[in-house]
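Structure first, then comments.
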Amino acid sequence: MQVIDFHTHIFAPEVIAQRERYCQRDSWFQLLYGKPKARMATVEKLIASMDEAGVAGSVVFGFAFADMGLCREGNAYVLEAAARYPGRLFPFAAVNPACPKEALREARACLEKGAQGIGELMPDGQGFTLTSFEMLDPLMELARAYEVPVMIHVNEQVGHYYAGKGKFGPREAYLLALHYPENTLVFPHWGGGLPFYELMPEVQAALQRVYYDTAATHYLYRDAIFEQVASWTKRILWGTDYPLISQKRSLRRVRALRLAPEVLERVLGGNALAILARGGGS
Ligand SMILES: [Zn+2]
């Protein structure tokens, strides 16, 4: 079985060394990475973690800054990193839909250079909403043309607060999915709870191209969420949010659950490979 982590963040060494400068330039980045203890990783660290954990491939992105110049810098690093480790990384392009023209140009350039998806977009920090359809239309059209997934951050709207907990959740994610039924969408962090609504038949029918990644699960939910949600939807992607969560530890916890072998295979890599195989650079 090829294990794929669908959610990892990497940064160039210069960005890590000068994180205060980036904090001054982006308030959402400041919120997430302002504390010196907040973990950041280079591609070398990610690859070492993958090797240690037995992870074959990782979907990788930087940070979705509000400023398109910073997005471009991050994308350049991510694409270069992916080229350095052939076959190990699936690079995604981070752009800001609130700057539609620039975002479209950059996303297309990245897809031409081998990016295999768009994301993880950050509505709260970038200044768009999940129903800002005029801003999102060009990017969604591009993603359909290249047959690549779009990943947009959402999170649960109840429970404890943490830095980075934003205001968009399952309701907004659902409206977005209804508006773009032909796009493959990935909603991180269990879609903020959207999969629970798939117990409603009409909701499940409408979300056939929506996938949920499990990033940061261990901070949010009891592990039972895997077995529960897997009992009514197949569209789950194992993702860690590395370096926030250790790949090795997360993998050990998921493997310790009593998931049927075919479920485990889908969650840990089968679904990811199916989505990622469709498009990219075509
Ligand atoms: Zn993330």
Between A205 and E227, what is the label-to-label distance in nm when each label sits 7 Å out along the Cα-to-Cβ direction?
3.1 nm
For the stretch 88-132, what ratio Rg/Rh do Cα atoms give with a Kirkwood hydrodynamic radius?
1.00
Please identify which residues in the stretch 25-67 have an amide N closer than 17 Å to a label point set 7 Å out from the Cα of R249, following the Cα→Cβ vector.
37-41, 46, 49-50, 52-54
Can you tell which of A83, A143, P97 lies farthest toward the positive end of the dipole of the stretch 36-146, using +1 and -1 charges on the Cβ of basic and acidic side chains (Lys, Arg; Asp, Glu)?
A83
Surface share of carbon and sulfur [accessible, 1.4 angstrom probe, percent] for the chain:
54 percent
Compare the Cα positions of F61, Q30, A41 along the charge dipole of the stretch 1-82 (+1 at Cβ of Lys, Arg; -1 at Cβ of Asp, Glu; about the Cα centre) and return the one farthest towards the positive end.
Q30
Using modelled amide H (1.01 Å from N, peptide plane; none on Pro or chain starts), what sits under 5 Å from the amide H of G119, excluding residues fewer than 5 places away?
A93, A94, V95, M151
K248: which lysines have alpha carbons under 30 Å from its alpha carbon, excluding same-chain residues fewer than 8 sequence positions away?
K35, K37, K45, K165, K234
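Keeping all protein chains in place, calculate the accessible area per residue for the chain (probe 1.4 angstrom), answer in Å².
42 Å²
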With G117 itself left out, Lys, Arg at +1 and Asp, Glu at -1 over residues whose Cβ is under 11 Å from its Cβ give -1
Which longest run of the chain has no exposed loop site in it, a site being chymotrypsin sites (Phe, Trp or Tyr not before Pro) in a DSSP loop with at most 14 other beta carbons within 10 Å, and the site itself not part of the run?
1-160
Pop out the ³J(HN,Hα) list for the stretch 48-65 in order, Karplus 6.51 cos²θ - 1.76 cosθ + 1.60 with θ = phi - 60°, rounded to Hz; leave Gly and Pro as x.
4, 5, 4, 4, 5, 8, x, 9, 6, x, 10, 6, 10, 8, x, 9, 7, 6
Cα convex hull volume per residue for the stretch 4-276, in Å³, equals 114 Å³
Quarter of the surface of the C-alpha convex hull for the stretch 131-261, i.e. direction-averaged projected area in nm², equals 8.6 nm²
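The values are calculated or read from the model by the stated rules, or taken from the named source; none is laboratory data. Given the structure is predicted, the values throughout are model-derived calculations rather than measurements. Ideal geometry is used to build each Cβ from the backbone, glycine not excepted, and the neighbour counts take in all protein chains shown. Ligands, DNA and RNA are excluded from the accessible area calculation, which covers all protein heavy atoms including side chains. Shrake-Rupley method; radii C 1.70, N 1.55, O 1.52, S 1.80 Å.
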